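To start, the structure itself, in C-alpha cells.
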Number of protein chains: 4
Amino acid sequence: MNIGFIGTGTMGRPMLANLVKKGFAVVAYDVVPDALAGAVAAGARAAASPAEVARQSELVVTMLPSSSHVEAVYLGPAGVKEGVAAGRLCIDMSTIDPSVSRRVAAALAQQRVRFVDAPVSGGVPRATDGTLAIMVGGDARDVEEARPVLAALGANIIHVGAVGSGEVAKLCNNLIAGVAAVAVSEAFRIAEGFGVDAKVLTDVISKSSGHTWVMEHMHPVPGLVARSASSQEYAPGFMTDLMAKDLGLAVNAARELRVPVVVSPAAQQVLRLASSHGLGRKDFTAVYTFLKPSDERSPV
Amino acid sequence: MNIGFIGTGTMGRPMLANLVKKGFAVVAYDVVPDALAGAVAAGARAAASPAEVARQSELVVTMLPSSSHVEAVYLGPAGVKEGVAAGRLCIDMSTIDPSVSRRVAAALAQQRVRFVDAPVSGGVPRATDGTLAIMVGGDARDVEEARPVLAALGANIIHVGAVGSGEVAKLCNNLIAGVAAVAVSEAFRIAEGFGVDAKVLTDVISKSSGHTWVMEHMHPVPGLVARSASSQEYAPGFMTDLMAKDLGLAVNAARELRVPVVVSPAAQQVLRLASSHGLGRKDFTAVYTFLKPSDERSPV
Amino acid sequence: MNIGFIGTGTMGRPMLANLVKKGFAVVAYDVVPDALAGAVAAGARAAASPAEVARQSELVVTMLPSSSHVEAVYLGPAGVKEGVAAGRLCIDMSTIDPSVSRRVAAALAQQRVRFVDAPVSGGVPRATDGTLAIMVGGDARDVEEARPVLAALGANIIHVGAVGSGEVAKLCNNLIAGVAAVAVSEAFRIAEGFGVDAKVLTDVISKSSGHTWVMEHMHPVPGLVARSASSQEYAPGFMTDLMAKDLGLAVNAARELRVPVVVSPAAQQVLRLASSHGLGRKDFTAVYTFLKPSDERSPV
Amino acid sequence: MNIGFIGTGTMGRPMLANLVKKGFAVVAYDVVPDALAGAVAAGARAAASPAEVARQSELVVTMLPSSSHVEAVYLGPAGVKEGVAAGRLCIDMSTIDPSVSRRVAAALAQQRVRFVDAPVSGGVPRATDGTLAIMVGGDARDVEEARPVLAALGANIIHVGAVGSGEVAKLCNNLIAGVAAVAVSEAFRIAEGFGVDAKVLTDVISKSSGHTWVMEHMHPVPGLVARSASSQEYAPGFMTDLMAKDLGLAVNAARELRVPVVVSPAAQQVLRLASSHGLGRKDFTAVYTFLKPSDERSPV
C-alpha cells in the first residue's frame, strides 16, 4: 500500500521510518527542506506538495505542528484536497483544535473523502519504538480501515468517538495532567517551606485523595521517582512548550463552547511564563523550579 | 485515663462518643450550649471552660472550626494554658493553619506542656465508625503517647514530622484533591460540549497521565462511579465550604512563605463562588454543576 | 454613492439607518430574514448574498457577530470576494480577532481589493445617534477614503495603524476596562465586608493610584454614579456576554502571540461564569452582584 | 509633647526625623540595633522596649512591617499595652490586616487606651518631605487628637471611618492599582505583538473606558511618561514586594470575609513570581518586563 506522509519533523520522521520498516511504500512532503531530506533518508520518496502526495498515495497521514498548518495542508493552495481522489481516507495525527478537525473533515466530505483524527502521546522515544498511544476520532469503519497503519506506529489504539473525539480526549487528558503537575508543585513547595520531608509527604498523599498519576510517575520534585524527568534535570519527557500549547487548545475550545474554566487557564499561563523565562524545552514538571519562593525580605 | 475534650460539634461529638465507648472517662467543653449538652448525652461530664477541662484531665483533645478558635481555646482567657499542669500532652485535631499549631505549641512549651497536631480526614461517617485517617505532627515520643487515644478514633495514623506537619500534610493533600476536582470538571465539561461520551473518556483518562484518585473515586459527573457523591445528588462527602476553607489555608500558608501559587487560588475562588451561589453544603465535586456552559447567544 | 451593508442586526440596523439618512443609497444583506426585513424598512434594498451586495455597491460595510462570520461572509461561498471588483474598499466594523482581519485583508489583496478594520464602541444608543467611537486600522489613504462613510456613523474616528490595529486597540482598551470592573467590584465587596462606606471610599480612591474611568463613570456599586448601569438595575450599557467575548478575543490573541497574561483570563472566566448564571445580558458591571460573599457558616 | 515612636526602619526614620524637626520630643524603639541607632542620630532618645516607650510618652506612633509585628509590639511581652497609661492614644501607621487593627484596638480598649490606624502612601521620598497621604480609621475625636502629629508627617489626611477603615481604604486602592498595572502590561504586550505603536494606543485608551491613573502616571512601558518608574529602569516608586504584600493582605481579608475574588489573587501571584525571579525591589510596574512573550518555537 502506498502511504502519503506530510509533516516529517521531529515526531513525524521516526513515525515515517516505522511505516517504511513495516513494508509500506511512503511518499513524503514537508515545507522545510531539511525535514523532507530526512524523510528521504528514512526511505521515502519526496513529493512537491501536499496535493502531489495525495495524488500519489492510497492513504494520507499528516503530522503537523498546529491547527493552521493542518487547515493549510488540507484545504489551502496545492493542498491535499486538490489531489485526493474520492473515497480515500486521511489520518491526521497532529494535536490540534477539535473544531478544526471537524471543519477539515466536513470540507473533505464534500468530495467524498474520509477523515479521522488520531493524535498521539508518548513523545519521540515511543514514536521511535512504534509504541505510541493513539486516540482516534472518526466513523467506526474508517477507524478499522486506519488500524493497520496505526498499528505500525503505536501500541495502544483507542477509538473514542466521532471525528474530533481523539483530539478532545487528548486535550482533556493533558488538561488534567498539566493542572495536576502545577498543583503537585505548589503543594510540595508549601511543604518544603514548612520543612516537611518530601518523601514522607509523597507516601501520605499516594494513599489519599490527592493521589495522581503525575505524582506517581512524573514527580516534579527531583530524587523521589527514579525515572522521572525531574530526576534527570528535567530533560523531557513532554516539553513545557507542548503542554502550554495543549492547555491553550483546551482553554480555547472552552471559550468557543462557552464553558467556564478556571484552573486550566491558570496552569496554561504559568507554563507560558515558565517558557518565557527559559524552561520551554524542559519537561513541563520543571514548573516546580519556576515556583520557587521569593527570597528577598521586603522593607517596612 | 481522664480525657478532656473541647469542641463537641458535628465532628467532635461522634469522636467523643468513641472515646467513651473505649472506656475513657471524658470531661467536655463547648462554647455552644447545645453542643455541650450533646457531649453529656454521649456520656461525658461537662466543664465550665477550657481551663477547667485542662484541670480535670490527664490529656486534652481539641476539635475546633478555625485557627482563631484554637488560639482562643488554648491561649485566651480561661483557656487550656491557664489550667493545664506541666508535663501534660495536648492533641489538636482541628484543621488549621500550621503556623498557628506551631505558635500554640511554642506558647505551651513555655510551661513544659507538650502539643501534637492531628487533623483528620473521612468526615462524619468515619468519625462515627472510628475509622478516620489521622495525620500527626509532633515529637516522636509525644506521638507514641497519643497513639492509644488516636487509635480509638481512627484506623490509619501517620506520623508525618515535627509539630505542624500533620496540618501541612492534610492541606497539601487537599490542595491537590481540590484542584483535581476542578480540573476534572473542566475537562468533562469541554468533552460534553463536543459530544464525547463521558464513560469512554473516563476509561481513556484512567489509563493515561490524567489519572487521579478524584476521578476514580469521586467523579464529578453523575452516574459514572456508583458510590460517588455526584451519583447521590452531591450529598457530601466533603463539603464545598470545607474544601474552600482548606484551599484558603493552603494559599494563606503560601503567602506567608512567599511561595508563588496559581492553580490553588484559582480553585479556591471558584469553590468560594460556588458556595456564594448555594453549593456550600453540597459535596465539593458539585463544582461541576457550577461550571455549566453559558446558554445565551450574544447579539452582534 | 452606493454602499453595501452586510449584517443588519441589533447594531447594524441603526448604523444602516444613519447611512440612509445621510443620503447614501444602501443595498443590504443578512442571513437572518427578519434582520434583512428590518434593513429594508430602514430604507435599504435587499440583496440575495454577500457576493450580490458586493456586485451592486461601490463600497462594502460589514457588521458581524464573530470572526468566523467575517471569514465566511468575505471568503466563503457567495461571499464578498466573489462579487467585489478590483480596486474597491471594504470596511469591517465587527469586533473580531485581529489576525482574522489581517487574513481577510490578505485574501482580498490578491485581487487588488482594499480592506480596513473599524470596530466601534458606544453600543446601540450611540449607533442610533451616529456618535460611535471608531478605531480604524488600515492604509492611511484607505482610511481617508472611508472617512466620509464613517463620519455618518460616528463622532470620534481614530486611525490607529495598519490593518488589524483598530481591533487591537479595541480589545486592549476593553481588556483593561473589563479587568478594572472586576477589580473595583472586588475592592468594594471587601470594603463592604468591613463596613466601610462606599461613597467615602470612592472619594478616597478617585484621588489616588486606584482611580479608573470605570469607577468614575460605570461604578459597579449602585447609587453612587447617577447614570451608571448599576443605578439602573444593570441595564446595559455593555453586556456581560460582549465583554466576555472581547476578553476572550484578547486572551486568544495573547495565546497566539505567546504573550503570558494572567488577570485578563481571570476576568474573562468570572464574566463567563456570571453569564452562565444568568447575567449575560446585564451590564458587565453586574459582576459586582455575582461576587457576593458566602453567607453560610461552615460546620466543624 | 512627648511622642513615642516604634519601628524606625526605612520608612519610620524619615518620619521620626520630621517629628523632631517640628519640635516634638521623641523616644524611640526598634528591635534592630542599627535602626534604633539611626533614630538616635535623627534626634530621638532610645528606650529599651515598646513598654518603655509607652511609659515615657504621651502618644505612641508605630510603623512596622507586618500584622504579626504589630500584634507583638502592642500585645506581646514588654509591649505597649504593658506600659501605656489609661486614656492615652496610639497611632499605628503600618500597612496591615484591618482585622488585626481591630483586634489590637479592642485589646487596648480593655484598659481604656485609644487606637487609630493611619497607613500611608507615598514611599520614602514623601516620608522625607513630610507629604505622605494618610488614610485614617478611628473615632472622630481620636482622629482630631491625632491630627497635629499626622500633619507633621503628611499633606493629605483623610478620615475614612471606624478603626481599621484606614487600612481597608489603602488595601482597596492598592488592589485596584496593582491589578491595573498588570492589566495595562498585558494589553501593551498584546499590542506590541501585533506591532501597534504604544504611544498611539496610549492616546486612544486615555480617552476611553480603559483609562486608569496607573497608565497616566505610572505607565509600565518605558519612554511614554517622563517621570514614570519604567522610564528610570523601574527604580521604585513602589516596590513589587510591597505591592505583592498589599495584594496578599487584600486577598486574605477577602478570604476571612468569604468574599470571592479572582483578579486580585491572579495579580498577587504574578507579582510574587516576579519577585521570586529578581524583580522584588524594582517598581511593581516592572511586571511588564516579566510578562515577556515566549521566544522559542515549539517542535511538532
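Values in this text are rule-based calculations from the coordinates and carry no lab data. All figures in this text were calculated on a predicted structure; none of them were measured in a lab. Note: ideal-geometry Cβ built from the backbone for every residue, glycine included; neighbour counts use all protein chains shown.
What whole-number distance in Å separates the alpha-carbon centres of region C:32-93 and region B:129-156? Cα centres, region C:32-93 to region B:129-156: 74 Å. Each Lys or Arg adds one and each Asp or Glu takes one away; over the other residues whose Cβ falls under 11 Å from the Cβ of A:Met93, this sums to -2. Pull out a ≥ b ≥ c, the square roots of the eigenvalues of the alpha-carbon gyration tensor of region D:28-90, then state rounded if a/c is under 1.5, prolate if not and a/b is larger than b/c, and oblate in the remaining case. Oblate, because a/c is 1.5 or more while a/b does not exceed b/c.
Each principal axis of region D:79-200 carries a Cα extent, and these read 66, 29, 24 Å when sorted largest first.
Counting Cβ atoms of other protein chains within 10 Å of each residue's Cβ and taking the mean over peptide A:286-295 gives 5. Contact order for chain C, expressed relative to its length and based on alpha carbon pairs under 8 Å spaced 6+ residues apart, stands at 12 percent.
Can you pull out the trypsin sites (Lys or Arg not before Pro) in region A:106-172 that DSSP calls coil and that have at most 16 other Cβ atoms within 10 Å? In loop regions of region A:106-172 (DSSP not H, G, I, E or B), the sparsely surrounded trypsin sites (Lys or Arg not before Pro) are A:Arg112. Note that region C:102-119 has calculated 3J(HN,Hα) couplings of 5, 5, 5, 4, 5, 5, 5, 4, 4, 10, 6, 9, 9, 9, 10, 9, 8, x Hz, one per residue in order, obtained from phi through the Karplus relation 6.51 cos²θ - 1.76 cosθ + 1.60 (θ = phi - 60°); glycine and proline are x.
Over region A:145-189, how many percent of alpha carbon pairs lie in each 5 Å bin up to the one with the longest distance? All Cα pairs considered, the percentages come to 5, 18, 16, 19, 14, 10, 9, 6, 3, 1.
Region D:224-288 gives an Rg/Rh value of 1.06, both radii derived from C-alpha positions and Rh following Kirkwood.
Each residue of region C:30-42 is assigned a 3J(HN,Hα), and the resulting list reads 8, 5, 8, x, 4, 5, 5, 4, x, 5, 5, 4, 7 Hz, derived from the Karplus form 6.51 cos²θ - 1.76 cosθ + 1.60 (θ = phi - 60°), x at Gly and Pro. Where only DSSP H runs of four or more residues are counted, chain A gives -14500 deg cm²/dmol as its mean residue ellipticity at 222 nm, each run worth -39500 (n - 2.57). Starting from the Cα gyration tensor of region A:1-105, take the square roots of the eigenvalues, sort them a ≥ b ≥ c, and report rounded, prolate or oblate (rounded when a/c is under 1.5, otherwise prolate if a/b is larger than b/c, else oblate). Prolate.
Comparing C:Phe290, C:Phe194, C:Phe238 in a Gaussian network model of chain C where C-alpha atoms under 10 Å apart are linked, the largest mean-square fluctuation is found at C:Phe194. Kirkwood analysis of region C:48-121, using all unique Cα-Cα pairs, places the hydrodynamic radius at 11.8 Å. The three principal axes of the Cα atoms in region D:137-225 give end-to-end lengths of 57, 22, 19 Å, sorted in falling order.
At q = 0.12 Å⁻¹ the log10 of I(q)/I(0) for chain B amounts to -0.80, computed by Debye summation with a single uniform scatterer per C-alpha, solvent ignored. When the inverse distances between all different Cα atoms of the protein assembly as shown are averaged and flipped, the Kirkwood radius reads 32.3 angstrom. Placing +1 on each Lys and Arg Cβ and -1 on each Asp and Glu Cβ, with no other charges, gives region B:65-222 a dipole about its Cα centre of roughly 340 debye. In the elastic network of chain D, a GNM with C-alpha springs shorter than 10 Å, the most mobile of D:Asn174, D:Asn18, D:Asn156 is D:Asn156. In sequence order, region C:231-236 has phi-based couplings of 7, 10, 6, 6, 5, x Hz under the Karplus curve 6.51 cos²θ - 1.76 cosθ + 1.60, θ = phi - 60°, and Gly or Pro positions carry x.
Summarising the amide proton neighbourhood of A:Leu64: residues at separation of 5 or more, or on other chains, whose placed amide H is nearer than 5 Å comprise A:Met93, A:Ser94, A:Thr95. Each other residue within a Cβ distance under 9 Å of B:Gly38 adds +1 if Lys or Arg and -1 if Asp or Glu, for a net charge of -1. When the Cα positions of D:Gly178, D:Ser206, D:Val259 are compared along the charge dipole of region D:168-290, D:Val259 comes out farthest toward the positive end, with charges on each C-beta of Lys, Arg, Asp and Glu. B:Arg55 to D:Asp34: FRET efficiency via 1/(1 + (r/R0)^6), r the Cβ-Cβ distance, R0 51 Å, to the nearest 0.05? Efficiency for this residue pair is about 0.65. With both residues required to sit in chain A, DSSP beta bridges show an antiparallel share near 15%.
For region D:168-290, a Kirkwood radius taken over Cα pairs fed into Stokes-Einstein (10 °C, viscosity 1.306 mPa s) yields D = 109 µm²/s.
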